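K.L.:
Got a structure here, written out as structure tokens. Questions coming.
The values are calculated or read from the model by the stated rules, or taken from the named source; none is laboratory data. Owing to the predicted nature of the structure, the values given are computational and were not obtained by experimental measurement. Cβ: placed from backbone, ideal geometry, glycine included. Neighbour counts: every protein chain shown. Keep in mind that these areas ignore ligands, DNA and RNA; they rest on the heavy atoms of the full protein, side chains included. Shrake-Rupley method; radii C 1.70, N 1.55, O 1.52, S 1.80 Å.
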Amino acid sequence: MAHTATTEWPREAIAQCVSSVMRSRRAVRAFKPEPLRRDLVERILEDAAAAPSGANIQPWRVYVVSGSVKDDLAKAVVSAFRAGSAPAPTHFPEPLPDVFRARLLDFGARYYASLGIDRSDASARMRQTERNFSFFGAPVGLIFSIDRRLKPHSWIDLGLFAQNVMIAAKARGIDTCPQVAFAQFHDQIASCLQMPPEEITAFGMSMGYGDVAAPVNQTRMPRERTHDFARLLGFAA
Ligand SMILES: Cc1cc2nc3c(=O)[nH]c(=O)nc-3n(C[C@H](O)[C@H](O)[C@H](O)COP(=O)(O)O)c2cc1C
């Protein structure tokens, strides 16, 4: 599989194109029912596999589900979610340092406001959380997994691969939502997808054509300014 592409485009046009794709990607949580062609999904995965990885070990694994396979997986996870049988989510430490907690609370406020859900309405928030597990109505779902014997360093590789998936999709007009919510349901997912025992579910992702009119897709998440998160040292100017 050849990953190198040559192009005659002027460098500035390429930079603008890449920048515009990166900046227009958003976590999309309502999709049109329009199916995704298998060849498009395969092209996206081929592009994504150009991601770097430490010592090129390429630790990413991904299960891409659609049709009845996706529906069966969603059914199993939704029913485990309703039964409350999953272990508590562990993806953030408790207590979360204040700087991150402030951003998390800001995210929650914007997200639930876009849906007209009051913060105190726990059952409405649960119903919205549950929508994660039917991939927010997307025609395609992805489950990213990794060999559990690997160290956190290799999870970085998996994240880089996933970002490439989202950018390669967006470049083709296809939207995504990365979803750590799936990680809690590794047992159900592993059983549905017949994962080998050494694999662990890292996160999921919804993929399809976003419903631009849906209120939830109007949410815009702010970013810190460059000089708040970066220190540029040793430059001449
Ligand atoms: C690793 C990871 C896990 C995420 N998990 C979820 C999730 O489980 N459910 C969800 O609705 N969004 C999830 N998101 C989406 C984030 O909330 C979203 O990326 C963030 O708020 C910034 O918004 P933006 O992607 O639209 O710029 C996740 C994002 C990342 C990178």
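K.L.:
PRO196 versus (1) more than 10 Å from the ligand (Cβ to nearest atom); (2) open to solvent by less than 50 Å² (accessible area, probe 1.4 Å); (3) farther than 18 Å from PHE135 by Cβ; (4) in a helix (DSSP H, G or I): which is the lone unmet condition?
P.N.:
Every listed condition holds for PRO196 apart from (4).
K.L.:
If you go through the stretch 140-147 one residue at a time, do you hit one that is more than 14 Å from GLN58 (Cα to Cα), open to solvent by 10 Å² or more (accessible area, probe 1.4 Å) and of a type in the set (Asp, Glu)?
P.N.:
no
K.L.:
Looking at ALA202, ALA124, ALA181 in this structure, which one is in contact with a helix residue (DSSP H, G or I) (Cβ under 9 Å, 6 or more places away or on another chain), touching a residue at least 60 places away in the same chain (Cβ under 8 Å) and either under 16 Å from SER66 (Cβ atoms) or not in a loop (DSSP other than H, G, I, E, B) (or both)?
P.N.:
ALA181
K.L.:
Out of ARG29, ARG43, ARG11, I need the residue that is charged (D, E, K, R) and in contact with a Gly (Cβ under 9 Å, 6 or more places away or on another chain). Which one?
P.N.:
Exactly one residue qualifies, and that residue is ARG29.
K.L.:
Go through the stretch 138-176 and give me each residue that's of a type in the set (Phe, Trp, Tyr) and in contact with a Gly (Cβ under 9 Å, 6 or more places away or on another chain).
P.N.:
Selection gives PHE144 alone.
K.L.:
Further question: All but one of (1) within 14 Å of the ligand (Cβ to nearest atom); (2) open to solvent by less than 50 Å² (accessible area, probe 1.4 Å); (3) under 21 Å from PRO33 (Cβ atoms) hold for GLY173; which doesn't?
P.N.:
Exception for GLY173: condition (1).
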